1. How far is the Cα center of the stretch 225-259 from the Cα center of the stretch 21-98, in Å?
2. For Cα pairs less than 8 Å apart in space and 6+ apart in sequence, what is the mean separation divided by the residue count of the stretch 310-402, i.e. the relative contact order in percent?
3. Can you sort Glu189, Glu88, Glu365 by solvent-accessible area, 1.4 Å probe, largest first?
4. Sticking with the crude label model, points 7 Å out along Cα→Cβ, report the distance from Arg197 to Arg139 in nm, one decimal please.
5. Give the carbon-plus-sulfur fraction of the accessible surface of the chain in %, rounded to a whole number; probe 1.4 Å, heavy atoms of protein chains only.
6. Below 12 angstrom from the Cβ of Ala247, what's the summed charge of the other residues (Lys, Arg +1; Asp, Glu -1)?
7. How high is the relative contact order of the chain? Use alpha-carbon pairs under 8 Å, at least six apart in sequence, and give a whole percent.
8. Could you tell me which label, among [x] 22.6; [y] 23.5; [z] 21.8, carries the value of Kirkwood radius over Cα pairs in Å calculated for this structure?
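The values are calculated or read from the model by the stated rules, or taken from the named source; none is laboratory data. What you are looking at is a predicted structure, and each value in this text was computed from that prediction instead of being measured. So basically every Cβ, Gly included, is an ideal-geometry build from the backbone, and we count neighbours across all protein chains shown. Protein only, heavy atoms only, side chains kept; ligands, DNA and RNA dropped before computing areas. Shrake-Rupley method; radii C 1.70, N 1.55, O 1.52, S 1.80 Å.
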Amino acid sequence: MTVAVVDRLPAALARRIALAAQGLAEPRPQTSVNGGHLRRLADRLAVVQIDSVNVLSRSHYLPAFSRLGPYPRAAFDELAGRRRALFEYWAHEASFLPVRLHPHLRWRMASAEEHAWGSMVRIQRERPDFVAEVLDRVRDGGPLKASELAGPRPDRPGSMWNWHDGKVALEWLFFTGVLTTRGRTTSFERVYDLTERVLPPEVLRAPTPDPAEAVRELVRTASRALGVATERDLRDYFRLRPGPSRAAIAELADAGELLPVEVAGWGVPAWLHPEARRPRWARARALLSPFDSLVWERPRVERLFGFRYRLEIYTPAAERVHGYYVLPFLLGDRLVARVDLKADRQAGVLRVQSAFAEADVDRAEVATELAAELRLMAGWLELGTVGVGDRGDLAAELATAVGMR
């Protein structure tokens with residue numbers, strides 16, 4: 001398909017469009033943040049990634065703090081709990097999603113053997129009776145945690161997927177959509193239950209679209225959340241396969257729901273959502289989780305911000321460049337610094353284990369604004385103070401700005 005280019009965007013404008021689409025171009029609410037703010041944000045982002053690392057905060061809480069400021073985390077829990085506005089599933093990775101998207105992911109549930117990974121597929125093929133027994137236990141006995149089925153773990157030291165067979169069976173049933181998450185324990189363990197007992201009846205009754213229609217809606221949703229994006233960006237948001245996502249993009253472009261654009265410096269075709277805002281400026285100030293949807297696709301981060309970002313959690317400590325849990329710092333429309341953060345809950349300190357500035361920034365301004373954001377985060381996390389270590393070329397200025405020197 002050949003489509004005439006309708007616009008050429010300067011790189012700075014594309015960056016501001018992306019920030020606006022992600023809810024990072026406008027000021028934070030001046031009133032107390034409530035469930036309505038959180039629900040609108042979840043609808044806007046569509047995917048809030050989940051991760052088990054808790055060195056600072058559970059990652060799914062951080063995007064709302066970045067965009068809205070301090071808010072009660074219990075209000076987010078309610079969206080996926082009592083209110084049933086969100087559900088858990090495999091989207092970008094394990095994620096919270098608005099329940100309206102459940103019908104549009106049923107094709108993935110129905111074709112789990114093609115999309116789930118080895119151990120889950122294997123247990124269904126090799127031990128279907130065991131999987132059926134686990135399902136019967138949930139059906140007859142009610143919500144179930146994997147720890148209640150604990151058995152011997154496979155001998156794979158260091159593997160993050162070191163699951164026992166009961167957990168694997170539950171995850172297969174979760175991937176297929178038969179089970180979903182009723183809630184989480186205080187240790188963040190999933191509590192599984194029958195999907196029909198958890199999701200709202202109107203969601204369960206919603207018709208299942210054919211896969212092509214579902215993928216179009218997922219691409220449409222990704223486009224709205226990204227503002228301006230390449231084909232890879234659109235596909236990556238819900239981890240779609242190239243063929244179906246390219247077909248969906250072509251169909252949406254033909255319908256005028258995606259506008260082809262060129263972005264200066266990108267070197268690849270891009271697509272603009274027709275309703276994307278084009279702000280003249282962005283006044284953001286935010287620390288971003290490594291799993292935030294603005295930065296989770298590293299090539300996009302480099303295209304948008306000229307910011308090379310790598311997650312070093314799985315890098316040996318001696319080989320880490322910036323630190324274990326490093327958050328980029330967004331100021332205005334630029335990523336201007338990065339900090340390795342740890343919540344020392346026992347001491348009541350938000351520890352900045354390293355702080356690095358980007359080139360060509362006003363370091364005094366960055367240190368002042370970053371210190372203010374760290375104090376705000378410390379209060380939200382119920383930590384009394386901010387402590388800055390010596391590592392990084394911004395550490396000394398940041399320590400002065402937070403009042404340590």
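1. 24
2. After rounding, I find 24 percent.
3. Glu365, Glu189, Glu88
4. 1.2
5. Result for the chain: 50 percent of the exposed heavy-atom area is carbon or sulfur.
6. 0
7. The normalised contact order for the chain reaches 18 percent.
8. Matching the structure shown: [x].
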